[in-house]
Amino acid sequence: MQFFEKGKPPVGVVFDTAMGNRVDDALAMALLYGLDGKNEARVAAIVVSKPNLNAAALCDVIRQFYYSPGTGPFAGFFRGLPIGLINDGKLKEDTPMLTATLAKHPSANIHKLNDTAEVLPLMRNALTAQYDQNALVVATGPLTDLANLLDMPDIRDLIVKKVRLLAVAAGAFPDGPAEFNIRTDIAAAEKVFAGWPTPIVAAGCEIGDALSFPAASIEKDFAWSPAHPVVDAYRAYKPMPYDAPTYAMSPVLYTIREKEGYFQLSDPGTISVLEDGRTKFTRGAEGRHRYLILDPQQKERVLKTYVEIASAKPVERSFRRRDQKKDEEKK
């Protein structure tokens, strides 16, 4: 369904989130839609690995917020793309981040399970619609959805054909403690790291801990909107003011702006998951796995980028053809 413009579109991102567990998932969605608004990426699908209807509803509210200025023949279509929701998984409980934010934003289109899409067909169909090697998969919660996806018939061939890279907010490197997303579903993490057929880049928790989103930005840079769902989620997550770790933001920024040098990469190797949820990295030239390394000299640049893009106003989306835009620019 590639009708955006003449020629190859920006990379399509399948975003797998555990919305509601940590506020950085909401910040990562703001970053993703900000990059989408700059035409550096397209949100191909949103799927939720937290089996909670309010988690899907908050994703829908955030998506509506960023697509509300849409115009043109396809704008309504993109506002209406379904949110995928896992039926059974970990961390089912409601959180104040979900309930308090939705109380302020009752515009969600999701009120019952039938208002969501099945995760596996949604991901498969989203990947099928992408140009070859023009899809990215970003997972910022437990890897339950991706582990289940690997059970679909013939899915590995499709992943190899379509997906350039899988980026996950998971693990602690090079030899840290068991990290939350891995520990929540150890079996799924084992399966994904052992069986995912394309390169994987892991953003360990040490990256998110070292890069904290400033509370001052929430108060100042987002002030252009009196009803911003990401701001309300931030305030509901913990008493203000606090600076939030950005675990989910680094895989989004790295995958879409891979060549910008925000992060360093480890040598190639293999990431394995131990029984207690710790991750082990073994160097090897034939390995398909790497992990992000924070460059201290880039820290302020990364934080500035997080703030500028996540806090940017949504852009008008007209989906005009590229040749039409060029003609208008010449006038």
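Values as computed for the structure displayed
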| quantity | calculated |
| --- | --- |
| Separation of the Arg257 and Lys220 label points, Cα + 7 Å toward Cβ, nm | 1.9 |
| Tyr247, Tyr254 arranged by Cβ crowding within 10 Å, fewest neighbours leading | Tyr254, Tyr247 |
| Of Lys92/Lys280; Lys112/Lys191; Lys162/Lys220; Lys90/Lys162, those spanning more than 32 Å from alpha-carbon to alpha-carbon | Lys162/Lys220 |
| For the chain: relative contact order, % (alpha-carbon pairs under 8 angstrom, 6 or more apart) | 24 |
| Hull shadow area, averaged, region 166-315 [alpha-carbon convex hull, nm²] | 10.0 |
| Length-normalised contact order of region 15-144 in % [C-alpha pairs under 8 Å, at least 6 apart] | 36 |
| For Leu158, Leu211, Leu27, order by how many other beta-carbon atoms lie within 10 Å, fewest first | Leu158, Leu211, Leu27 |
| Per-bin percent of Cα-Cα distances, region 200-275 [10 Å] | 16, 38, 29, 15, 3 |
| Mean projected area in nm² (Cα convex hull; one quarter of hull surface) for region 11-330 | 16.6 |
| Scaled radius of gyration (Cα, divided by 2.2 N^0.38 Å) that region 83-179 gives | 1.29 |
| Helix-only CD estimate at 222 nm, as mean residue ellipticity for the chain, using -39500 (n - 2.57) per DSSP H run (n ≥ 4) | -11000 deg cm²/dmol |
| Where labels lie 7 Å past Cα in the beta-carbon direction, separation of Ala227 and Lys280 in nm | 5.3 |
| Label-point separation, Asn109 to Asp94 (7 Å along Cα→Cβ), nm | 2.4 |
| Whole-Hz couplings from phi, Karplus 6.51/-1.76/1.60, listed for region 228-243; x for Gly and Pro | 8, x, 5, 5, 5, 5, 4, 5, 7, 5, 8, x, 7, x, 8, 9 |
| Charge context of Pro199, other residues only, Cβ under 10 angstrom, K/R +1, D/E -1 | +3 |
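Bear in mind that the values in this text are calculations on the coordinates, not laboratory data. Quantities reported herein were computed from a predicted structural model and do not represent experimental measurements. Backbone-built Cβ (ideal geometry, glycine too); neighbour counts: all protein chains shown.
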